[in-house]
Amino acid sequence: MVSENFNKFFNSQKGQEMILDMEDPKKKICISLHKYFVSLITRREYKKKLKYFKKESEVLFQNCLNLIHKSNPFLKKLENTNYIKYTPDGFLKYYPNPKDSEKMKFDPKKESFDNCIIIHYEEDDDTSIDKMIWIFKGQVNKQGDPHGFGEKFYKNGLKEKGYWKEGELYGWCMKIDSNNKNIFVGPFYGNKGITGLGEKFTLKKKVLYKGEFIDGEKAGKCE
């Protein structure tokens, strides 16, 4: 229903006029998300025009999240643990030097749109909830990729939260692997595991490691 209403709006005269009235960056992100994803929340000046779709996309996001939690019961437990916590500025206890902030806290400046929701499916033309691969809420660039701060949930029980650059983790982030019951907090760059000073919590042993990691593996000194 959401995708049908979304398509109906963008194919209407009002929808087309809104796209044509936009500056290039906004036009590109609207067209990109319209083509590849279900829902979009643009910058402040367009939130009123898309208020209806904002409400629907929030509902759809929550329905997808409920399905992910139901299919992966340990994810909720790991999210609520008190053994390890993620904060956007948590890197300061390991990297207090201001020069490190740029690597740990990626700033997209004006390249991103805030408060976007992406629902990514196996097939572009099948938007049934059981065909969802992952969902994302946060900042997105004009190509429709996570770019800035946000969180991403996967159908297989993986959760990633933190800073993103062109669709990949970039900086101080958290990764929850509910299948192996691990939580990593530290520097992530691309598809590699945590690399640098950070933390790893293992639910099975209820052990928290603090220290240096390379590609997700402990290296050097670890508490």
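FYI, it's all coordinate maths here, none of it is from the lab. None of these values were measured; they are calculated from a predicted model. Here Cβ is always computed from backbone atoms with ideal geometry, including for glycine, and neighbour counts include all displayed protein chains.
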Check: Tally Lys and Arg at +1 and Asp and Glu at -1 over the other residues with C-beta under 15 Å from the C-beta of Phe136: what net charge comes out?
Finding: 0
Notebook entry, point to check: Summing Lys, Arg as +1 and Asp, Glu as -1, what charge do residues with Cβ under 13 Å from the Cβ of Asn66 carry, Asn66 excluded?
Noted result: +1
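Full extension from Lys109 to Val207: what is 0.36 nm times the residue separation minus their Cα-Cα distance, to one decimal in nm? Intermediate results must be reported in sequence, preceding the final value.
Details: separation 98, 0.36 × 98 = 35.28 nm, distance 3.79 nm.
Result: 31.5 nm gained on full extension.
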Next item on the list: Arrange Val59, Val140 by Cβ neighbour counts within 10 Å, fewest through most, would you?
Entry: Val59, Val140
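Over 18 Å between Cα atoms: which of Lys70/Lys161; Lys159/Lys210; Lys85/Lys109; Lys109/Lys175; Lys142/Lys165; Lys76/Lys181 fall into that group?
Working: Lys70/Lys161 20 Å; Lys159/Lys210 20 Å; Lys85/Lys109 27 Å; Lys109/Lys175 24 Å; Lys142/Lys165 12 Å; Lys76/Lys181 11 Å.
The pairs that break the limit, which is 18 Å between Cα atoms, are Lys70/Lys161; Lys159/Lys210; Lys85/Lys109; Lys109/Lys175.
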Margin query: Quick check: residue separation of Glu166 and Glu122 times 0.36 nm, minus the Cα distance between them. What number comes out in nm?
Written below: 13.8 nm
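How long is the gain from Asn82 to Gln143 if the chain were fully straight, where each residue apart is worth 0.36 nm and the alpha carbon distance is subtracted? Show your work: numbers first, answer last.
Values: separation 61, 0.36 × 61 = 21.96 nm, distance 3.66 nm.
Fully extending the segment from Asn82 to Gln143 adds 18.3 nm.
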